[in-house]
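Every read-out reported here was derived from the displayed coordinates using simple, explicitly stated rules and does not represent laboratory data. Not measured: the values here are computed from a predicted model. Positions of Cβ are backbone-derived with ideal geometry, glycine not excepted, and every protein chain shown enters the neighbour counts.
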Amino acid sequence: MTEKVFDFRSDNVGGVAPEILDAIVAASTGTAAPYGDDEFTRRMVRRFGEVFERPLQVFPVATGTGANSVALAALANPYGAIYCHETAHINVYECGAPEFFTGAKLVGLPGGDFKLEPAALEEALSLAGRGNPTRVQPFALNITQPTDFGTLYTVEEIAALTSVARRHGLRVHMDGARFANAVAALGCTPAEMTWRAGVDVLSLGATKNGAVNAEARSRRAFPGTTAGCSTVAIFFR
Ligand SMILES: Cc1ncc(COP(=O)(O)O)c(C=O)c1O
């Protein structure tokens, strides 16, 4: 009898789901227009619209870092500030890509359970010096759901954070590298956890759920750099 082996290193190490490999083979017959002008892309956008229960814009990118950078670049300017938890993936990893592509400063805030707290966000934004030409200006809030440490914001906690953000004129990005896990764990709908709770843009990861795409790995140049997601940036507004 062969023993079943579980590998808990990271969901990045898993293989590709057979259904996805079959779909790729099936899609690779015949011809299709490039640059998103093809039936697969139209079907993808329609399907995401159904899942999220509203019209939206979808931008497929190769990695989670790419999705976060594209999303944040749409929300923040070079003289801006992006607020996030101090342990957020955009702040700790991603080789400075969000700063590079936005030009904005990341402001990491503390918070128990690796989660942002509305009162701490309120205080930070009140002291941010809006209008002061010598200070970076608050543009965006980043929420990682689930967090890098596997903790979860409830839908109510997300709404409380986005309402503070909104009051201070910020737009909200959710890093959902493991979005599906959060939806399953909370038992809510994708819509409830995002735009209905005040999220403007979502990075939705798929590699960690068995998808396949570009692999950003260069052990020689960046020892320890791990696999990339196939990810989409979804704009609700
Ligand atoms: C929470 C979170 N966001 C973003 C990423 C970045 O994904 P990628 O490695 O595909 O750039 C990861 C990767 O593990 C992640 O865990």
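Semi-axes of the equivalent ellipsoid of the range 132-189: what are they in whole Å, largest first, if each equals the square root of 5 times a C-alpha gyration tensor eigenvalue?
With the √(5λ) rule applied to the range 132-189, the semi-axes are 26, 12, 8 Å.
The distance from the alpha carbon centre of the range 32-74 to that of the range 96-126 is 26 Å, rounded to a whole number. Sorting Tyr83, Tyr35 from the fewest to the most surrounding beta carbons within 10 angstrom yields Tyr35, Tyr83. Working note: 222 nm ellipticity from helices only, DSSP H runs with n ≥ 4, each -39,500 (n - 2.57), summed and divided by the residues of the chain, gives -9500 deg cm²/dmol to the nearest 500.
Defining a contact as two alpha carbons under 8 Å apart and six or more residues distant in sequence, what relative contact order in percent does the chain show? Rounded, it is 25 percent for the chain. A Gaussian network model of the chain, with springs between Cα atoms under 10 Å, assigns the largest mean-square fluctuation among Phe40, Phe100, Phe48 to Phe40.
Relative to its residue count, the range 1-85 spans a Cα convex hull of 196 Å³ per residue. With the charge dipole of the chain set up from +1 on Lys and Arg Cβ and -1 on Asp and Glu Cβ about the Cα centre, the Cα lying farthest toward the positive end among the listed residues Leu186, Thr31, Leu75 is that of Leu75.
Apply the Kirkwood formula to the range 1-151: the hydrodynamic radius equals the inverse of the mean of 1/r over all pairs of different alpha-carbon atoms; give it in Å with one decimal. Before the final figure, lay out the partial values.
On the way: mean 1/r = 0.0534 Å⁻¹.
The answer is 18.7 Å.
Here the range 64-185 is treated as an ellipsoid with the same Cα gyration tensor; its semi-axes, largest first and in whole Å, are 22, 17, 12. Computed about its Cα centre, the charge dipole of the chain is approximately 500 debye, with only Lys, Arg, Asp and Glu carrying charge at their Cβ. Where both bridge residues fall in the chain, DSSP classifies roughly 35% of the beta bridges as antiparallel. If you run the Gaussian network model on the chain, springs between alpha carbon atoms under 10 Å, then out of Phe52, Phe179, Phe149 the most flexible one is Phe149. Just checking the listed ones, Ala26, Ala71, Ala160: in the Gaussian network model of the chain with Cα springs under 10 Å, the one fluctuating most is Ala26. Inter-label distance, Phe149 to Leu21: 3.7 nm, where each label sits 7 Å from its Cα along the C-beta direction.
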